[in-house]
Amino acid sequence: MKKVFFVITALFIAIINTSCGSNNDATSEIQYPITMKFSHVDESFSFFKDGLETEVPDDILADYYANTGIARNKVQIEEENKDDYFKFLNATEVEVAQYGETYHVNYIFEGGFLYLYIEDEDDAIIRKFLYGKGNINTFEYLYSSIVLKKENSRSSSSSAYEDEGDIPYFPTTFSNSINFHNYENITDIQGDTYLLIHNLADVFIKE
């Protein structure tokens, strides 16, 4: 009986070792460098008025771009970002080309998100910065603009990923932006009041 138990145990250990070896082989098969180039911008609008979510009227959209000061134009972003890329040099270091500058930083993919380790010049410490959502093949940097107009006043804000606490708020929806507009239900948005949410994502894809 002991001999049978020993054989079974040995087989079990062999299976585990084979499995672990396969995983290690899969990890070692990653060929660096891996370049992920800026591809395009995805965008969507949510518009709430008179207790309903509807398409954004042309005049509201025109006002958003002309007068809010936070509007982002998809075509302009794509032109500005067309040469941006992330070149993953190895399992820990990435070369980032953005905004006309190129620099090297450490990185990690964790829980489906990309983090960069960037030095904070003011505090002289390394900060773990949440850059985007995705993996080594594709990821997206999410940001949003929100406009609330009520009678003759308007308030607006824009925000993006910065740390893990922001994850539940992207992309922005009526429900998770409730602290901004202070409405419990869409039906509360009536009369001259409206809420506009503009979600965008800079998409990077493996070359």
* **Total residues in the stretch 133-161, condition over 23 Å from K87 (Cβ atoms) and part of a loop (DSSP other than H, G, I, E, B)** => 2
* Structure fact -> Checking Y65, Y103, Y85 in turn, the sole residue that is open to solvent by 40 Å² or more (accessible area, probe 1.4 Å) and touching a residue at least 40 places away in the same chain (Cβ under 8 Å) turns out to be Y85
* Asked: What pairs can you find where one residue is in the stretch 189-201 and on the phi > 0 side of the Ramachandran plot, the other is modelled with pLDDT of 95 or more and in a loop (DSSP other than H, G, I, E, B), and their Cβ atoms are less than 8 Å apart, with a gap of 6+ or different chains?
  -> G191/D50
* Asked: For residues in the stretch 155-184 being over 23 Å from the mean Cα position of the chain (by Cα) and open to solvent by less than 80 Å² (accessible area, probe 1.4 Å), which is farthest from V56 (Cα to Cα)?
  -> Y183
* Structure fact -> Of the listed residues (E207, E151), the one being open to solvent by 80 Å² or more (accessible area, probe 1.4 Å), closer than 24 Å to K74 by Cβ and not polar (S, T, N, Q) is E207
* Residues located in the stretch 149-202, provided they are closer than 15 Å to S46 by Cβ, of a type in the set (A, V, I, L, M) and either in contact with a helix residue (DSSP H, G or I) (Cβ under 9 Å, 6 or more places away or on another chain) or modelled with pLDDT of 90 or more (or both) -> I186, I189, L195, L196, I197, L200, A201
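The values are calculated or read from the model by the stated rules, or taken from the named source; none is laboratory data. Just so it is clear, the model here is predicted, and its values are computed rather than measured. FYI the Cβ positions are ideal-geometry reconstructions off the backbone, even for glycines, and counts take in every protein chain you see. Keep in mind that these areas ignore ligands, DNA and RNA; they rest on the heavy atoms of the full protein, side chains included. Shrake-Rupley method; radii C 1.70, N 1.55, O 1.52, S 1.80 Å.
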